[in-house]
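A short worksheet on the structure shown next.
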Amino acid sequence: KRRIDFVLVYEDESKSASEKKGSVMRRRVSQMDEKLVYVKVHMPFEVLCTYAEVLHIKLPIQPNDLAPQSSAYNCFTHHFYPSEDVIAKEADFFTAPFQKDQLKCFWVKDREQFFTPAMRSRMAYYILSRAPYDVKGNVKKFGFNKLLDGGVYKAAYPLHDCRFNVKSKEPDCPNERFLLYNEWAHPKSFYKMQPLDLIRKYFGEKIGMYFAWLGFYTVMLTLAAAVGLGCFIYGYTTRETSTWSKEVCDPRIGGEIVMCPQCDEICPYWRLNTTCESSKRLCIFDNYGTLVFAIFMSVWVTLFLEFWKRYQAELEHDWDTVEFLQQEEQLRPEYEAKCIYERVNPVTQETEKVPYTACGKCMRVSCGIGTVLFWVLLIIASVVGVIVYRLAMFITFSSKLRSELNNRKELEPFKEYVTPQMATSITASIISFIIIMILNSVYEKVAIWITDFELPRTKTEYENSLTLKMFLFQFVNYYSSCFYIAFFKGKVVGYPGQPVYWLGSLRNEECDPGGCLTELTTQLSIIMTGKAVWNNIQEVLLPWVKNLMFRHCTQVGSEKVIPRWEQDYRLQPIGKLGLFYEYLEMVIQFGFVTLFVASFPLAPLLALFNNLCEIRVDAWKITTQFRRVVPEKAQDIGAWQPILQGVAILAVATNAAIIAFTSDMIPRLVYYWAFSVSPYSDGSDHTMTGYINSSLSVFNIADFKKAIRPSEEITPYWFNNITTCRYRDFRHPPSHPNQYDFSIYHWHVIAAKLAFMIVVEHIVYFTKFMLSYMIPDVPEALKEQIKRERYLTQVILHETNIKHFKELMKPIADNLQNEIEEPELDLTL
């Protein structure tokens, strides 16, 4: 009996079925496909020792007798972990990089169990990815990855240890897959903490680090979601009592204010109180609680990143990746295969092979940068296209939507809720989401091609390069429409007598009288919800349907009679990029939660619900629907860490700008503290009464140009003897010497907005800096423990070497002692 460390599958068309029956190392699958041949790879102990030293794999040398560190957090979460009777706690050892000539220094109780299955499959993959298969002249071809891409091999994978839903009857089988499914991937375990040590042991440190980060992010989201829900409840309960909504909905105030048309010719005059319901919805999100929540989220994201660094340091220590250095990572086979030039290594001063010259590398990088910029410009062009759609459809909805709602009785209940602005916003958001998903699918292939062309040296460099390209693209793709609504829409519209036009004919769209915050909330909710639903459908249904179709087409009976390697072949491959798309999905969500949270306090709650599902869906997927992945070493989350930090810094500016320039909070505060009292008002007490009238400027209808003036056919029946209309801006009235120029109120508001941004940004950035400084990345107790363990490891290795040396020298010393007759000379070792 030999352990199967790796399996290669190919299609043999040269042999008949009878010839294949005699093969010892291959098994013919008559029930599935008679041409498939399975090559089982076994790693002897000597080979494992050799490559464990090459890969710098750390292995145990002695049980760790230091007392484990405990904390109040561990005492609380202990009740949510799987029982230790089900998943036993891993034994803790002092470890050291393996050296073949010092095998006796290591804790070897059983040679078969000394190297874990994850280590064995990792070493097998390393050998196979560098095994030569063809030589043509000076060109040497090696690595089974190219053979996989060319279809020579159908699949290559390490084996699962058992079926996910049935325990193995083999006495030596650890049944780790079965335990992971029942205690982690099954929906019944949604409330349990993740068994990270078992995940790391079975799938490797890289997957373990991803699920550790996702779990920590989800736990921290609980706090943000609770505060955001409280902010939403506060806004919902106060929406009726808000002075803004009461004045808009009051027939004696909002009902008497006639608003100017929002488009040329076909848009009618309208009363302000028709936006009563939208004003109430606006008050849910545009209130002082939102300001507090935005500041809280800026502090929250700093705490999240700092505490994650500490937690990551603990995982690095527990998983023996503290000293995982870049030089330990091996070169990519694709890089090695094209090394034809020579250069002097600046570190070792030795000659080494490289695949390109300095000029060639510059050309490759320039080509990549140019392609990325082209696609970013393509996204911006698509955003401009959506803006043009919004401008055109707003005119259409303005002319036809009201008449349709008035003429059709079944739509009468929606009359107060469906406005041209809302209809335009919802349809544009849906179209924007569709464009985003289409561009994503195309750009992914382009980004992979560019990164392959750049030929990074190691897999970490490859993933970091691809991560930067994909995130830059996704950032522009997902967030550009939100940035447009938040900071550009309705900002440069002119006034009714002299509006601003796009492309010479399309009038720039205006915000609702309450501002663009409601529309930004709609955009965020549609994109976040649509993205979450679409991703979960892809992650759950696609692999499940593919596996179901494969099983149906092969018409196999009970799985109990099918070998493990054949069962695993029927599962889906996880793909070359593995966790890249999972990280990308979560980081994009992190951006939605932090960058625009001032407009949508429920974003953390939606993210929390999505992540609770995401953890179990990802666990179910890799445990039951995919072949076992090749374990990879990882010290941290890689290039995603600086990206998260960059998003956190940008989030402070975006949220401050949303509150200052998108919401109506600053104009209200300026009115309350400055313009509701003397000398700008007759009152002596600060009040919000009269704010609506103060925030709307007056326009003389006689000043309309002929091409802009609304036609008489659409003029409302109540529009009699009215000479002025109102519009949202701070400008002088028609009778003023500087009519339609910006008033003093406008400049007060601009100054207040800029002052608010500068003050809030500096306060929050200072707070973030102080928190980052006060919270060390590595706990002091952990630093001391690492130093202690490093010292004890050196002592153990030193003592073991001395003991081994004594054992080697003892026969020589005894012989010398017998040959020398002088009793004074003691040669005892």
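Computed from the Cβ-Cβ distance with R0 of 41 Å, the FRET efficiency linking Asp197 to Ile438 stands at 0.50. Peptide packing for 667-673, 204-210, 237-243, 709-715 was compared via the average number of neighbouring C-beta atoms within 10 Å per residue; ordered from the highest value, the list is 204-210, 667-673, 237-243, 709-715.
With the highest mean first, a sort of the peptides 572-578, 727-733, 358-364 on other beta-carbon atoms found within 10 angstrom per residue produces 727-733, 572-578, 358-364. Taking each DSSP H run with n ≥ 4 as -39500 (n - 2.57) and averaging over every residue of the chain yields -17500 deg cm²/dmol at 222 nm.
Output the Kirkwood hydrodynamic radius of the stretch 630-772, Cα pairs only, in Å rounded to one decimal. Here the Kirkwood hydrodynamic radius works out to 19.5 Å.
If the segment from Ile775 to Ala88 were pulled out straight at 0.36 nm per residue, it would be longer than the present Cα-Cα gap by 244.0 nm. Ligands, DNA and RNA are left out, and with a 1.4 angstrom probe the accessible area of the chain is 50 Å² per residue.
Using the Cβ-Cβ distance between Ile430 and Glu265 with R0 set to 35 Å, the FRET efficiency from 1/(1 + (r/R0)^6) comes to roughly 0.80. Legend: translational diffusion of the stretch 199-270 by Stokes-Einstein, Rh = Kirkwood radius over C-alpha pairs, 25 °C, 0.890 mPa s; D = 141 µm²/s. At what distance in angstrom do the alpha carbon centres of the stretch 449-471 and the stretch 725-740 lie from each other? Result: 56 Å between the Cα centres. The gain in end-to-end length when the Leu542 to Glu352 segment is fully stretched comes to 63.9 nm, 0.36 nm per residue minus the alpha carbon separation. Shown are Met123, Met528, whose ranking by accessible area with a 1.4 Å probe and every protein chain present, most to least, is Met528, Met123. A simple spin-label model places the labels of Phe45 and Arg252 9.6 nm from each other, with each point 7 Å out along Cα-to-Cβ.
Give me the distance in nm between label points sitting 7 Å out from Cα along the Cα-to-Cβ direction at Leu754 and Asp452, one decimal. Each label point lies 7 Å from its Cα, and together they span 5.2 nm.
Between the residues Ala607, Phe94, Ala423, the greatest Cα displacement towards the positive end of the dipole of the chain, with unit charges on the Cβ of Lys, Arg, Asp and Glu, is found for Ala423. When Ile750, Ile379 are compared by accessible surface with a 1.4 Å probe, the order from highest to lowest is Ile750, Ile379. The heavy atoms of His42 present about 60 square angstrom of accessible area, all protein chains included, probe 1.4 Å.
Here the gap between Lys136 and Ala381, fully extended at 0.36 nm per residue and compared with their Cα-Cα distance, gives a gain of 83.4 nm.
Between Leu792 and Val54, the simple label model (points 7 Å from Cα in the Cβ direction) yields a spacing of 3.4 nm.
The peptide list 734-747, 173-186, put in order of mean Cβ contacts within 10 Å with the highest first, becomes 173-186, 734-747. Charge dipole of the stretch 229-336 (Cα centre as origin; +1 on each Lys and Arg Cβ, -1 on each Asp and Glu Cβ, all else neutral): 1100 debye, rounded to the nearest 20. For the chain, the C-alpha radius of gyration sits at 1.21 times the compact-globule guess of 2.2 N^0.38 Å, with N the residue count.
In the chain, a dipole from Cβ-located charges (positive for Lys and Arg, negative for Asp and Glu) runs towards its positive end, and of Gly230, Phe483, Val39 it is Val39 whose Cα lies farthest in that direction. Working from Cα pairs under 8 Å separated by at least six residues, relative contact order for the chain is 18 percent. Here r is the Cβ-Cβ distance between Phe190 and Glu807 and R0 is 56 Å; the resulting FRET efficiency, rounded to 0.05, is 0.50.
Comparing Ile295, Thr518, Trp319 along the charge dipole axis of the chain, the residue lying farthest to the positive side is Thr518, per the Cβ-charge model. For Lys188, the lysines whose Cα comes closer than 19 Å to its Cα, not counting residues fewer than 8 places off in the same chain, are Lys167, Lys621. Taking all protein chains together and rolling a 1.4 Å probe, Val630 ends up with roughly 40 Å² accessible. For Glu277, the solvent-accessible surface computed with a 1.4 Å probe is close to 50 Å², ligands and nucleic acids excluded. Counting only aspartates and glutamates at least 8 places from Lys141 when in the same chain, those with an alpha carbon closer than 12 Å to its own are Glu334, Glu336.
The values are calculated or read from the model by the stated rules, or taken from the named source; none is laboratory data. Treat the numbers as computed from the prediction; the structure is a model and nothing was measured. Heads up, the Cβs are rebuilt from the backbone with ideal geometry, glycines too, and the neighbour counts pull from every protein chain shown. Note: accessible area is taken over every heavy atom of the protein model, side chains too, but ligands, DNA and RNA are not part of it. Shrake-Rupley method; radii C 1.70, N 1.55, O 1.52, S 1.80 Å.
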